[in-house]
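Structure first, then comments.
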Amino acid sequence: MNAATASLSLSHSGSALSANYSLSCISKSSNKQLNFLPSKTNLCLQKRISLSLSVHLSSSSDGARLVVEDDLHAFLQILPSDLRDRLQNDSKRGQLLEVILDLGRLPEARYLGEFGGKYLRSTEVSVEELEYAQSAVGEFGGDNRAGIEGTLHRISAIRSRKGAIVGLTCRVGRAVSGHIDMVYDLLHYGKSILFVGRPGVGKTTVMREIARVLSDEFQKRVVIVDTSNEIGGDGDIPHSAIGTARRMQVPEPSLQHKVMIEAVENHMPEVIIVDEIGTEAEAHACRSIAERGVMLIGTAHGEWLENIIKNPILSDLVLQLRKSNLLVELTQGQIGGVDTVTLGDEEARARRCQKSILERKAPPTFYFLIEMRERHYWVTHKTEKSVDMLLRGKTPLVEIRKRDDRFNVVVDRWKTYDRHDI
Ligand SMILES: Nc1ncnc2c1ncn2[C@@H]1O[C@H](COP(=O)(O)OP(=O)(O)OP(=O)(O)O)[C@@H](O)[C@H]1O
């Protein structure tokens, strides 16, 4: 795998910066020029006077595949100056995931994957340093998250009982182009897709790229319901990483479901993108949107499809039980909060199944469910089929999508589902 890093700095003073930049490289195999970034990007920066973009390329030996763009310079500005200098010269800064600032503790940097974490100095974080960081970021919302205007970085606060900020988790946001290869073919179906995966595996980052590809390449009317401004970045003008997708901000996280419905009723979207579906109201809003024929791209916390089936709040995303008139009793199910339908002998014989089965009464809201096990290792379910198999105690067949050591996407079809194969 080849990797290249390019740094680009732009300086400006005034209210708006119009930057012309393009990045291209020559594919070794075809000798073709590949363009990764738009040749003209308008960056409206109200306050910042300089901008530094780091662009990292991860590529296979026959051509570039992934372009990762961060704005680490803006991120570093909110940190104490000694940490800023240290991270600026850090050889692993391309892998920096988060900086943790907890009052009275040593500041820590956490890196992607195998790089782990490390303390950044031997003295504790002070109140003043937390206050400085707080003043350098936008306002914290009801979900205790804030951003840095014009960037994709996310700053999350931990508060004392009195409401004072005593800890900050500062996450580096990145715009990634090329990772969409993992699911590009699925987008052609126009069906809803739910991504699940542990925190930090890259769900939001992939939402962003899907928004861009569906709006710019597929020419769809895409609306992002952006609860903490994490997909489209902080500020009223969304980041160019979402392409021409429109972004609706959410005044208060508990209103996410209302904004989802408002998006459909007022703005005629063909696609709605929503991160972190976590409440019953949001799950119902998803169903209602899907029933109106709008494609949904969403994420939820949980590692496996079974986590969603067993979660009484989210299970509506993947199944809805049918109360068959053939049922003779309803008992507490073998699967989490799901009920078991017990069939009469005749019906069980006719269906050649056990007497106790679990049934859906409607197709799942999300046609595909993707378990993001690792950044480059995804398990794809056809939700309806997999749910039916799991409810009957059988093992579904799935598709494994991963990158090989040359960074090409490899799709293994008809694989037996195994929760522990990575
Ligand atoms: N393909 C990628 N290449 C490089 N960095 C990436 C990639 N995908 C994600 N990242 C980085 O990994 C970190 C976590 O990504 P992201 O916020 O998308 O995860 P997440 O699964 O949405 O997490 P959470 O559930 O906590 O919101 C971010 O710093 C992001 O910039």
Legend entry - Matching option when the condition is touching an Asp or Glu at 6+ places or on another chain (Cβ under 9 Å) and under 26 Å from Asn408 (Cα atoms), among Leu101, Leu106, Leu66, Leu97: Leu66
Inset, instruction - From His239, His153, grab the single residue that is within 12 Å of the ligand (Cβ to nearest atom) and either among the aromatic types (Phe, Trp, Tyr) or within 17 Å of the chain's Cα centre (by Cα) (or both). - result: His153
Inset, instruction - Give the residue that is most open to solvent (accessible area, probe 1.4 Å), with candidates limited to residues of the stretch 174-208 that are part of a loop (DSSP other than H, G, I, E, B) and near the ligand (Cβ under 6 Å from one of its atoms). - result: Pro199
Inset, instruction - Test each condition in (1) modelled with pLDDT under 95; (2) outside the structural domain of Leu214 (by TED's automatic domain parsing) for Arg159 and report the one that comes out false. - result: (1)
Inset, instruction - State whether the residues of the stretch 226-234 include one that is at pLDDT 95 or above, among the hydroxyl-bearing types (Ser, Thr, Tyr) and surrounded by 16 or more Cβ atoms within 10 Å (Cβ to Cβ). - result: no
Inset, instruction - May I ask you to verify whether Gly302 is modelled with pLDDT of 90 or more, closer than 29 Å to Gln256 by Cβ and open to solvent by 50 Å² or more (accessible area, probe 1.4 Å)? - result: no
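The values are calculated or read from the model by the stated rules, or taken from the named source; none is laboratory data. Quick caveat, the model's predicted, so the values are computed rather than measured. So basically every Cβ, Gly included, is an ideal-geometry build from the backbone, and we count neighbours across all protein chains shown. With ligands, DNA and RNA removed, areas are computed over all heavy atoms of the protein, side chains included. Shrake-Rupley method; radii C 1.70, N 1.55, O 1.52, S 1.80 Å.
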